[in-house]
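The structure appears below as structure tokens.
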Amino acid sequence: MRTKIVAGNWKMHKTLPETITLINELKSIIKTDNKVEVIIAPSFVNLSKAVLLLHDFPISVAAQNMHFADYGAYTGEVSADMLNTIGVNTVILGHSERRAYFNETDDILQQKAEKAYEKGMLNIFCVGEKLEDRTAGKHFEIVKNQLKNALFNLPKQAYKKIVIAYEPVWAIGTGQTATPEQAQEMHKFIRETMAKKYGYDLADSVRILYGGSVKPTNAKEIFSKPDVDGGLIGGASLKAKDFNAIIEAAKS
Ligand code: 13P
């Protein structure tokens, strides 16, 4: 039995005052239970405040990125220890926006995934194809290679702290969600790919989230698919009411 996860990726949204407001709103409406784990990923500068505000509430705080080095001359970067020591033990890695705008390659992501494992962080690892890949019928191959190149050198035990997020690039921020069938088809493929590499028990235990224009109106149907274990939510996670409705959809 895989517990569902609903994670909000706030991207480059919300100043400190806005972060405080949104977290307080979330605390007042979200009814957490053991059916769903809730995670939010505010910007780096607001992580400490988010951790403080949530010390008495079961929402975890995640970073949207981190560097693979322990420390050093990497201007503008943030390390795993910096995150862990402020109480942030979860990190989103390989988001398509990081891959597209900040040139994150599979090789870089492999190093980041290794660091997350070494430092005991929960790694929400994103994969997903572009529209042209899907049109060309290459989506399975692309996703398989993203998994293989960045994660498949990790040992089995690393997967206790890995969640896969399937986010088709063409569905992110476009309002064009993958159909529940398209999501299920890819999630099943990801699970089979994991099974071939690590065995069925491990594949069966790994949680696979769907991301890309998830909204209160479509969340329930997407989450009802057998291989969809929750969602990674962008735009709709910035409104407390919508995010809460998506969390509620994951409970049913
Ligand atoms: P949207 O929900 O805004 O499409 O974003 C999805 C996403 O990129 C989450 O990481």
Can you go through 127, 143 and tell me which one is touching a residue at least 60 places away in the same chain (Cβ under 8 Å) and of a type outside the set (Asp, Glu)?
127
Going by the conditions given, is residue 171 more than 16 Å from the ligand (Cβ to nearest atom) and touching a residue at least 40 places away in the same chain (Cβ under 8 Å)?
no
Apart from one, (1) within 15 Å of the ligand (Cβ to nearest atom); (2) in contact with a strand residue (DSSP E or B) (Cβ under 8 Å, 6 or more places away or on another chain); (3) of a type outside the set (Lys, Arg) all hold for residue 212; the odd one out is (2)
Let me confirm something: among 183, 158, 165, 203, which residue is in contact with an Asp or Glu (Cβ under 8 Å, 6 or more places away or on another chain) and either within 15 Å of the ligand (Cβ to nearest atom) or part of a helix (DSSP H, G or I) (or both)?
203
Taking the stated definitions as given, is residue 212 crowded, with 16+ Cβ neighbours inside 10 Å, under 27 Å from residue 30 (Cβ atoms) and in contact with a Leu (Cβ under 7 Å, 6 or more places away or on another chain)?
no
Filter pass, residue 78 being part of a loop (DSSP other than H, G, I, E, B) and at pLDDT 95 or above
yes
So residue 148, is it touching a Leu at 6+ places or on another chain (Cβ under 9 Å), within 19 Å of residue 109 (Cβ to Cβ) and more than 16 Å from the ligand (Cβ to nearest atom):
no
Note on residue 228: of the conditions (1) part of a helix (DSSP H, G or I); (2) over 26 Å from residue 28 (Cα atoms), unmet is (1)
Checklist (1) charged (D, E, K, R); (2) out of contact with any helix residue (DSSP H, G or I) (no Cβ under 7 Å at 6 or more places or on another chain); (3) closer than 25 Å to residue 11 by Cα applied to residue 204, failing item:
(3)
Cβ-Cβ under 7 Å pairs, at least 6 apart or on other chains, the stretch 1-27 side over 21 Å from residue 95 (Cβ atoms) and touching a residue at least 60 places away in the same chain (Cβ under 8 Å), far side assigned to a loop (DSSP other than H, G, I, E, B) and within 16 Å of the ligand (Cβ to nearest atom):
2/207; 2/229
Given (1) surrounded by 13 or more Cβ atoms within 10 Å (Cβ to Cβ); (2) more than 15 Å from the chain's Cα centre (by Cα); (3) part of a loop (DSSP other than H, G, I, E, B), identify the lone condition not met by residue 31.
(1)
Residue pairs meeting the criteria (Cβ under 8 Å; at least 6 apart or on separate chains; first touching a residue at least 60 places away in the same chain (Cβ under 8 Å) and within 16 Å of residue 167 (Cβ to Cβ), in the stretch 83-103; second assigned to a helix (DSSP H, G or I) and within 16 Å of the ligand (Cβ to nearest atom))
96/169; 100/169
Do we have residue 51 as away from the ligand (no atom under 16 Å from the Cβ), assigned to a helix (DSSP H, G or I) and modelled with pLDDT of 95 or more here?
yes
Going through the stretch 81-115 one residue at a time, which ones are within 14 Å of the ligand (Cβ to nearest atom), within 15 Å of the chain's Cα centre (by Cα), of a type outside the set (Val, Ile, Thr) and not in a loop (DSSP other than H, G, I, E, B)?
93, 96, 97, 98, 99
Residue 190 vs (1) away from the ligand (no atom under 16 Å from the Cβ); (2) within 27 Å of residue 12 (Cβ to Cβ); (3) in contact (Cβ under 8 Å) with a residue 60 or more places away in the chain: all pass except (2)
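The values are calculated or read from the model by the stated rules, or taken from the named source; none is laboratory data. None of these values were measured; they are calculated from a predicted model. Cβ atoms come from the backbone with ideal geometry, glycine included; neighbour counts cover every protein chain shown.
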